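The values are calculated or read from the model by the stated rules, or taken from the named source; none is laboratory data. Computed from a predicted model, the values in this text were never measured in an experiment. Cβ sites come from the backbone with ideal geometry, for glycine too, and all protein chains shown count toward neighbours. Heavy atoms of the whole protein, side chains included, go into the accessibility calculation; ligands, DNA and RNA do not. Shrake-Rupley method; radii C 1.70, N 1.55, O 1.52, S 1.80 Å.
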Amino acid sequence: QVQLVESGGGLVQAGGSLRLSCAASGSIFSINVMGWYRQAPGKQRELVAAISSGGNTNYADSVKGRFTISRDNAKNTVYLQMNSLKPEDTAVYYCYTNMQYGNRYWGQGTQVTVSS
């Protein structure tokens, strides 16, 4: 089992920045990919960004150039630096991890609200 605890959400004006953090604990030795999804009201959950244990990254087109995902393997923590935020970035952001043996775990979600 892996537990994921997110922090860093909040309310920010358009053009502002936020940094989300997600710390993993438990059976962390088999963690492979870590990343973030988001879900806005009335919309499906979508992948925002992901990073492999080797540091390879993947971003949604809508956040490329504005968001940066990073990972501290020593702290078992993944970060999402969000710059130039737009109202359409408003959503609940969920941290996740894919394990080497195939399981996926989710965080509880953190609200990000961008006002215009």
Ignoring ligands, DNA and RNA, what percent of the 1.4 Å accessible area of the chain is carbon and sulfur?
46 percent
At each listed q (0.14, 0.16, 0.19 Å⁻¹), what is the log10 of I(q)/I(0) that the Debye formula gives for the chain modelled as equal alpha-carbon point scatterers?
-0.51, -0.67, -0.93
What accessible area, in Å² to the nearest ten, does a 1.4 Å probe give for V92?
40 Å²
Between V5 and S84, what is the label-to-label distance in nm when each label sits 7 Å out along the Cα-to-Cβ direction?
3.4 nm
Over the chain, average the accessible area per residue using a 1.4 Å probe and give it in Å², no decimals.
51 Å²
Accessible-area value, K43, 1.4 Å probe, nucleic acids and ligands omitted, Å²
130 Å²
Using θ = phi - 60° and Karplus 6.51 cos²θ - 1.76 cosθ + 1.60, couplings along the stretch 48-63 (whole Hz; Gly, Pro as x):
9, 7, 8, 9, 7, 5, x, x, 6, 10, 9, 10, 5, 4, 5, 10
Can you sort D61, D89 by 1.4 Å-probe accessible area, starting with the largest?
D61, D89
Accessible surface ranking that places the most exposed of L18, L80 first, with a 1.4 angstrom probe
L18, L80
Treating the beta-carbon of each Lys and Arg as +1 and of each Asp and Glu as -1, no other charges, what is the dipole magnitude of the chain about its Cα centre, to the nearest 20 debye?
40 debye
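In what order, largest first, do T77, T57 sit by accessible area if the probe radius is 1.4 Å?
Largest accessible area first, the list is T57, T77.
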Would you mind counting up the charge near Q39? Only other residues with Cβ under 11 Å from its Cβ, with Lys and Arg at +1 and Asp and Glu at -1.
+2
Aspartates and glutamates whose Cα lies under 18 Å from that of K43, excluding same-chain neighbours fewer than 8 positions away:
D61, E88, D89
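Expected output is a single nm value to one decimal: the length gained when fully extending between R19 and N32, i.e. 0.36 nm times separation in residues minus the C-alpha distance. What is it?
Fully extending the segment from R19 to N32 adds 2.5 nm.
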